[in-house]
Amino acid sequence: MVHKRKVAVVVDSSSCLPRELLDKWDIYVVPHELIIQDRSFRDGIDINPAEFYQHYLNKDHEIPTTSSPKPVSFLEVFKSAFAVADGVVCIVLSANFSSTCQSAIIATRMAEKDMPGCRINVIDSGAAAGAEGLIALEAAKVAQCGAGLEEVVARIEELIPHVNLLALLDTLYYLRRSGRVPRMAAWAGAILGIRPLTELKLGEARVLDKPRSHAKGVERLVGVMKDRVQQRPAHVNVMHAHAADSAMKLYHRVETEFNCREIFISEFTPVMGAHLGPGLLGLAFYADE
């Protein structure tokens, strides 16, 4: 007889967690879909970031489009998770930016018909990328300590308001191509050399600053984190989109200047990169209270 744990953690691929952390903490991933020249790819499975950024994300190609996971994709992963756990907590991309949460909720209803008595909690992270990843990691750690479903959900809901996501965009070109910023704004940003520093928190995105160089943007990025974390122990995810060298420099700087309880680097998946383009650098973090 297989001994089941109490809770399994499921996320969508926009969480951008490195494979080694997914494996270490037994986190299940439901992939988004990327469509390139009428071909469909499962995010992080059929196409990896290096291949995508090098061969498909350039100004000569038709812009890739993306699609949220279908309910059946969530259902398949839920069934796999229930093979090893009594309950599932599913942490997803902010509902303000995607229909992913709705797909997961529909899949939950499907699972309840196929597996009567199954217990699934779908939680809108209000976040994306590295912030969603940090929330999922904490959920998995609590679950591996033997916590029940209610305890894991309570910890996630407690943590969500405290997780920060800051991103320094290298270009507005891809946001403009995807229709998320006006053409004139993207043109003006390119002319002025603006690299917007944006924040995503509790489902709301806003521009914090508009530095006119990469170096100034990094200084502002680190400065905002210092203001919010201060001397408290921090959990940090250094994010990048095809900017590994810059990410490594930022990693070493943060590791030196902050009291990091944990710190790691994650690369944007193809689906995330399709909207934001290469060169992005960011920090997702929260401090212990």
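Read-outs: derived from the displayed coordinates by stated rules, not from any lab. Here the structure is a predicted model, which means the values were calculated and not measured. Methodologically, a virtual Cβ is constructed for each residue, glycine included, from the backbone with ideal geometry; neighbour enumeration extends over all protein chains shown.
Counting only Cβ charges, +1 for Lys and Arg and -1 for Asp and Glu, the dipole size of the chain around its Cα centre is about 580 debye.
Under a Gaussian network description of the chain, with springs only between Cα atoms under 10 Å, the residue in Met248, Met272, Met239 that fluctuates furthest is Met248. DSSP beta bridges confined to the chain are antiparallel in about 55 percent of cases. Near the amide H of Gly126, under 5 Å away, which other amide H atoms are found, from residues 5 or more places off or on another chain, if H is placed in the peptide plane? HN-HN under 5 Å from Gly126: Ser94, Ala95.
Greater than 32 Å separation of Cα atoms is the criterion. Which listed pairs, Lys6/Lys70; Lys70/Lys249; Lys70/Lys216; Lys4/Lys226; Lys79/Lys226, meet it?
Lys70/Lys249; Lys70/Lys216; Lys4/Lys226; Lys79/Lys226
Checking every one of the GluC sites (Glu not before Pro) in segment 16-120 against DSSP loop status and a limit of 12 other Cβ atoms within 10 Å picks out Glu62. If only the Cβ of Lys and Arg carry +1 and only the Cβ of Asp and Glu carry -1, the dipole of segment 44-172 around its Cα centre is close to 240 debye.
Estimated from the Cβ-Cβ distance and a Förster radius of 22 angstrom, the FRET efficiency linking Asn259 and Ile45 is about 0.05. Amide hydrogen proximity for Phe268: with H placed 1.01 Å from N in the peptide plane, the residues at 5 or more positions away or on another chain lying under 5 Å are His240, Ala241, His242.
Treating only the Cβ of Lys, Arg, Asp and Glu as charged (+1, +1, -1, -1), what charge dipole size does segment 1-101 show about its Cα centre? Round to the nearest 20 debye.
440
Here are a few candidate values for mean projected area of the Cα convex hull in nm²: [x] 16.8; [y] 15.0; [z] 14.1. Which one was actually calculated from the structure I just gave you? Looking at mean projected area of the Cα convex hull in nm² for this model, the match is [y]. Of the trypsin sites (Lys or Arg not before Pro) found in segment 193-289, those in coil by DSSP whose Cβ has at most 15 other Cβ atoms within 10 Å are Arg212.
For the chain, the residue among Ile35, Ala167, Ser103 whose Cα projects farthest onto the positive side of the dipole built from Cβ charges is Ala167.
Between amide H atoms placed 1.01 Å from N, distances below 5 Å from Asp170 occur with Leu280, Leu281, all of them 5 or more places distant or on a separate chain.
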